[in-house]
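**Student:** Here it is, the structure in full.
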Amino acid sequence: MEYIGYILLGLVVVIVFWMIGAYNSLVSLRNRVDEAFSTMDVYMVKRYDLIPNLVETVKGYAKHESETLEKVIAARNAAVGSKTIDEKATNEASFQGALGRLFALAESYPDLKANVNFMDLQGQLKVVEEDIAQSRKYYNGSTREFNTTLERFPTNLIAGMFGFKRRPLFEVTDEAQRQNVKVQF
């Protein structure tokens, strides 16, 4: 009878330590997802800061294209003002489309394509876009790991007890974005 008490006590201790480990693992993964999103957001802000300079450079050459330029700025402002990951993903898709139209517009102006300021801004934007792509991959990988751990049994029991929720992946939702875009400078 005495052994049963020790066995039960040992079992309770093992379960408590497992719960602590599972909880701490979920917290670590959640923080990695938050850090990944923050990194991606920093690169997006850097890109948002480049866009007004790029638009101003294009304005000098394409005065009658103000509607396109205004749409780029409006899409940028919507993306900057995004509050949630889902909202950010949706607004990013619109922003990417507007940015594509800006570069297509630039194709119509050979003097603009040769402008040193435009070329420098375009080069900076290319680097930032590559950084954003890498940070999206990191975010999605971290999110996938978090979501998978969250759904696995028996960790899902701990996740439910402490209110851990799935995080959305950063995906392209606009079908036009899935098409190959040819932008030449």
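What follows is calculated from the coordinates using simple rules that are stated; it is not laboratory data. A quick note: this is a predicted structure, and the numbers were derived from the prediction, not measured. Virtual Cβ from ideal backbone geometry, glycine too; neighbours counted across all protein chains shown.
**Student:** Could you give the nm distance between label points at residue 113 and residue 144, where each point is 7 Å from its Cα heading toward the beta carbon?
**Tutor:** 3.7 nm
**Student:** Modelling each spin label as a point 7 Å along the Cα-to-Cβ direction, I'd like the residue 130/residue 169 distance in nm, to one decimal.
**Tutor:** 2.5 nm
**Student:** Another question about this same structure. How large is log10 of I(q)/I(0) for segment 135-174 at q = 0.17, 0.29 Å⁻¹ when the intensity is taken from the Debye formula with one equal scatterer per alpha-carbon?
**Tutor:** Computed log10 I(q)/I(0) values: -0.48, -0.92.
**Student:** Any idea what Rg and Dmax come out to for segment 2-169 if you just take the C-alpha atoms, in Å?
**Tutor:** Expressed in Å, the Cα Rg and Dmax of segment 2-169 come to 24.1, 91.
**Student:** Now for a different question. Suppose the Debye formula is applied to equal point scatterers at every Cα of segment 77-122; what is log10 I(q)/I(0) at q = 0.16, 0.23, 0.28 Å⁻¹?
**Tutor:** -0.55, -0.77, -0.91
**Student:** Same structure again: How do 9-19, 75-85 rank on mean C-beta neighbours within 10 Å, highest first? Mind dumping the intermediate values first?
**Tutor:** On the way: 9-19: 10.9, 75-85: 15.8.
Those peptides, ordered most packed to least, come out 75-85, 9-19.
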